[in-house]
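Nothing in this text is a laboratory measurement; each read-out follows from the coordinates by a stated rule. Note that this is a predicted model, so its numbers are computed, not measured. Virtual Cβ from ideal backbone geometry, glycine too; neighbours counted across all protein chains shown.
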Amino acid sequence: MQIKRISHIAVATSDSEQSRVLYEDILGLNNSGSELVKREEVNTHFFELGESSIEILEPLSEDSPVGKFLKKRGPGLHHIALEVEGLDAYVIKLKAAGIHLLSEEPQLGAHRMRIIFIHPKSAGGVLVELCEKV
Ligand code: CO
């Protein structure tokens, strides 16, 4: 059981091209491509930053989770993700401590990671993702 690194910082926007110009063209980060997460109806765009990345979330529909987030809160920080070793043990520990999770069990996310989210109300108002390589 160990926290490895900040995996990514995720930003929700309906204008991924604006973010691409900023992070790739102007700031010079390596654009490592995009991945569609069908279950969440979201397109994810990754920009590498050391051992971490910035992940741009662009919803495919207004009714998707990120689409609803944009409607309610506007574009902005969506979540931070911490890569861990021993995700299932962390889930048990979090539940035992009464931490509110968005799902009962980890699910498959982008980049072949198993992920689970800690609810913002248990984390200072920030959605926190824990992820582990499959
Ligand atoms: Co994420």
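Here are the numbers for the structure shown:
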| read-out | value |
| --- | --- |
| Neighbourhood net charge (12 Å Cβ-Cβ; Lys/Arg +1, Asp/Glu -1) for residue 13 | -2 |
| Ranking of 115, 26, 92, 56 by count of other Cβ atoms within 10 Å, fewest first | 26, 92, 115, 56 |
| Unsatisfied cross-links (Cα-Cα over 19 Å) in the set 72/95; 68/95; 72/121 | 72/95; 68/95 |
